[in-house]
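Read-outs: derived from the displayed coordinates by stated rules, not from any lab. These numbers come from a predicted model, not from an experiment. Neighbour counts are summed over all protein chains in view; Cβ atoms, including those assigned to glycine, are modelled from backbone coordinates with ideal geometry.
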Amino acid sequence: MFSPLFINLVASGEASGNLQGNLMNVVSHLEKEYELNSKIRGALIYPTVIMVMAGVISAGIFIFVIPNVVAMFKSLKVELPLPTRILIAVAEFVTNHGFLTVAMILGAIAVIASMRKISYFDKALHGLLLITPVIGGITKKVNMARLTRSLGTMVKSGISIDEAVVITQNTLDNIYYKTIVEDMKNAIKLGNDLSTVLEKHPRLIPPMASHVIFVGEQAGSLGDMLMYLATFYETEVSEVTKNLSELMEPFLLIFIGVMVGGLALAVMTPIYEVVGSF
């Protein structure tokens, strides 16, 4: 019911006599985490609706449109091109084996869901998210916001840096950022600074963040610097998610154009060949 971060903040507050202050830090952290998750979900609504509608339209074409023109295609005295033959085969399979098609789709969803539990596929998926245009930038900002917010909240609440890093690792989803936090744990054991670890991962940790954390470590204000970075990246996520529909619109249009163009090409090519033969 309660996360390790919640429990350790309460324990630190009880030990230091600052329980009220730490509970307020918990409230602030949970509010920011809720806002971050809400913005991500809201940004994904538009592309999800587009993808679902594209799937529904494609299914409607295969079920209701293609079967009506299959007889005409078969009556044409021309060799059908490969895309048309594939289209006809898929349409006939969907029409004749409707329940099997639904079972295969549900099975594919179940397989994909189970693959996420395998660490190898999880690593591949997280790596793909980081290099995908638009999505990759948002993923990095979200993980940076969670990393700095969790670590900063605990440091400011009086939790030792080694314990704070261990707990922070559990708040992250992306396996590559978890690996960075694992390196941070090892660095602390050796007496090294966190910034020295972060500087080794410029593709995931922006140099600006590494410099700010270095300044915080040297000045003894690491908690304040981490909270500053958390606010900065949360603002960045907010600005990007506001314009996500505009950023993703070209990719969605290309996807829909390729799908509709492929279907139209498969349907119209045999007709043009017959007309051209006269």
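Quick notes
- Per residue, the convex hull volume that the Cα atoms of the stretch 147-199 enclose (Å³): 69 Å³
- Spacing of the two label points (7 Å from each Cα toward its C-beta) at S221 and L253, in nm: 4.7 nm
- Calculated over the chain, the projected area of the Cα convex hull averaged across directions stands at 19.4 nm².
- Per-residue ³J(HN,Hα) for the stretch 170-180, Karplus 6.51 cos²θ - 1.76 cosθ + 1.60, θ = phi - 60°, Hz, x for Gly and Pro: 6, 8, 8, 9, 6, 5, 6, 6, 4, 5, 5
- Phi angles across the stretch 4-15 convert, under the Karplus curve 6.51 cos²θ - 1.76 cosθ + 1.60 with θ = phi - 60°, into 3J(HN,Hα) values of x, 5, 4, 4, 6, 5, 5, 4, 5, x, 5, 5 Hz, Gly and Pro given as x.
- Gaussian network model of the chain, Cα within-10 Å springs - most flexible of T48, T241, T231: T48
- When only alpha carbons are used to place a centre, the stretch 165-202 and the stretch 241-265 end up 38 Å from one another.
- Only Lys, Arg (+1) and Asp, Glu (-1) charged, at Cβ; the chain dipole about Cα centre in debye: 620 debye
- Overall Cα dimensions of the stretch 1-100, principal axis frame, Å, largest first: 89, 25, 20
- Once the Cα-Cα distance is subtracted from the 0.36 nm per residue extended length, the E239 to H201 segment shows a gain of 11.2 nm.
- A convex hull fitted to the Cα coordinates of the stretch 184-276 yields 148 cubic angstrom per residue.
- Among the listed pairs K39/K123; K32/K185; K32/K156; K32/K200; K39/K141, those with a Cα-Cα distance over 22 Å are K39/K123; K32/K185; K32/K200.
- Listed by Cβ neighbour count within 10 Å, with the fewest neighbours leading, D183, D162 appear as D162, D183.
- In plain terms, the residue of M72, M154, M225, M24 with the fewest other Cβ atoms within 10 Å comes first and the most crowded comes last, giving M72, M24, M225, M154.
- Crossing angle, helix 207-219 versus the chain [Cα axis fit, 0-90 degrees, rounded to tens]: 10 degrees
- Every helix of 4 or more DSSP H residues in the chain counts as -39500 (n - 2.57), and over all residues that averages to -28000 deg cm²/dmol at 222 nm.
- Anisotropy class of the stretch 109-193 from Cα gyration tensor, a/c 1.5 cut: prolate
- Computed over the chain: relative contact order in percent, which uses C-alpha pairs under 8 Å that are six or more apart: 26 percent
- Local charge for F214 was computed over the other residues whose Cβ lies under 15 Å away, with Lys and Arg +1 and Asp and Glu -1, and equals -3.
- The stretch between I86 and I7, if pulled fully straight at 0.36 nm per residue, gains 22.7 nm over its current Cα-Cα span.
- HN-Hα J in Hz across the stretch 99-104 - Karplus 6.51, -1.76, 1.60, θ = phi - 60°, x for Gly and Pro: 5, 5, 4, 4, 5, 5
- Taking other Cβ atoms within 10 Å as a rough exposure proxy, L87, L172, L265, L226 sort from fewest to most as L265, L172, L87, L226.
- For chymotrypsin sites (Phe, Trp or Tyr not before Pro), the sites in the stretch 1-67 that DSSP calls loop and that have at most 15 other Cβ atoms within 10 Å are F2.
- Separation of the F64 and L30 label points, Cα + 7 Å toward Cβ, nm: 4.8 nm
- Listed residues I175, I40, I66, most fluctuating in the chain (Gaussian network, C-alpha, under 10 Å): I66
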